[in-house]
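Single-structure report; data block below.
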Amino acid sequence: MRKSIALISSLAIVAVMAAPAAASSAPAKAAGSCPSFRVLHNDHISAVSFPAGPYKMVNSGMSCAQTTRYFQQFLNSGHVPRGWTVKLLSGERRRFTKLHTNPTVDFQATPISDPAPTPSPSGLTCAGTFHVLHNDHIGAMKLPAGRYTIKLASHDTPGLNCKSASNVFAHFLEVDWNGALPYPWKMNVGAKSFYMSVPSDGFSVRRVGG
């Protein structure tokens with residue numbers, strides 16, 4: 001697992017990442033557009049770079065939920081797994097293709113401009129937003145579809161920053177829907193916060209749009 005984007009970076013807190021959802025877990029769909037996906041920091045997958053910012057997502061042969069899961073997991077690991085390729089095409093398009101499938105199963109991510117200037121973050125609130133695609137929950141914590149800001153409880157937790165907090169939140173949504181968070185993580189349902197030994201070692205989320 002890559003050092004710079006592991007679920008908790010230098011903290012050995014979450015050592016397991018979920019495997020990409022099987023293609024049979026949701027109905028496949030014809031080629032079409034999905035909600036945009038924001039890459040929070042300059043990143044890369046295999047040899048292809050992914051500058052920070054929003055991306056237009058277009059897929060074929062899979063659902064938008066599957067497309068988002070794959071993209072998140074490829075960013076988390078820093079490479080595509082065996083059976084996938086990623087290529088930089090003309091017009092800044094990045095194409096992910098699942099090999100040996102007929103019809104084709106793939107998706108494309110193309111950088112786009114923000115629809116409006118994003119205010120500079122202040123204090124502990126992270127820049128950008130995290131997009132929850134569908135009404136979801138982590139245990140008793142309900143998380144309606146929409147965009148969420150992520151706020152760190154402090155700057156004093158080694159290895160926990162905006163990027164790793166975003167990856168941890170994605171992991172909890174993907175794997176820990178029953179609320180059984182991996183040790184030593186706990187959550188405060190009312191405050192929509194996640195923390196380790198004490199509440200100051202964690203982060204909270206807040207919905208800011210539909």
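All of the numbers you see were taken from the coordinates with simple rules; none came from a lab. Here the structure is a predicted model, which means the values were calculated and not measured. Because the Cβ atoms are built from the backbone with ideal geometry, glycine has one as well, and the counts that use them run over all protein chains shown.
When you count, for each residue, the other Cβ atoms within 10 Å and take the mean per peptide, how do 103-112, 139-148 rank with the highest first? Write down the numbers at each step before the final one.
Working: 103-112: 17.8, 139-148: 15.0.
In decreasing order of mean packing, 103-112, 139-148 become 103-112, 139-148.
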- [ ] Could you tell me whether region 32-124 comes out rounded, prolate or oblate from its Cα gyration tensor? Rule is a ≥ b ≥ c as square roots of the eigenvalues, rounded for a/c under 1.5, then prolate if a/b exceeds b/c, otherwise oblate.
- [x] prolate
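Less than 9 Å Cβ to Cβ from Thr110, Lys/Arg counted +1 and Asp/Glu -1: what total charge do the surrounding residues give? Each step should come with its number before you reach the end.
Details: positive: Lys56, Arg93, Arg94; negative: Glu92.
Result for the local shell: +2.
What ranking, highest mean first, results for peptides 47-54, 86-93, 158-165 when packing means the other Cβ atoms within 10 Å averaged over each residue? Could the numbers behind the result be given before it?
On the way: 47-54: 15.1, 86-93: 11.9, 158-165: 18.5.
So the peptides 47-54, 86-93, 158-165, ranked by packing, come out 158-165, 47-54, 86-93.
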